[in-house]
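Report on one structure; see the data block that follows.
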Amino acid sequence: MAVKKYKKSFFEHFSIIYDTRQEGKIRHKLIDIIFTAVAATICNCDDWEDIKAWAIEREDWLRKYLLYKTKTDILSRFTGIY
């Protein structure tokens with residue numbers, strides 16, 4: 001029950017960020033990328049390589065909340081957003 005409360009709260013707060021990417025070229029939802037980056041940063045990841053490694057290690061957990069389908073999805077163009 002608490003997970004749903006926090007999940008909803010996170011997505012509500014960050015969903016106001018406007019995604020300026022071209023619609024036909026979007027592979028991942030911006031909110032999924034933000035969630036991954038924030039969660040990894042809370043877990044002491046300091047750079048993009050740390051965030052990628054963290055995301056791969058916690059792939060199953062991330063899939064509970066996000067739309068990543070494969071490991072390739074987690075890694076592909078992740079740093080291209082920033």
Name the residues in the range 1-60 that are among the hydroxyl-bearing types (Ser, Thr, Tyr) and modelled with pLDDT under 85, would you? Tyr6, Ser9, Ser15
Counted residues, the range 24-45 - those being of a type in the set (Gly, Ala, Ser) and either surrounded by fewer than 18 Cβ atoms within 10 Å (Cβ to Cβ) or in contact with a Lys or Arg (Cβ under 6 Å, 6 or more places away or on another chain) (or both): 1
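The values are calculated or read from the model by the stated rules, or taken from the named source; none is laboratory data. None of these values were measured; they are calculated from a predicted model. Because the Cβ atoms are built from the backbone with ideal geometry, glycine has one as well, and the counts that use them run over all protein chains shown.
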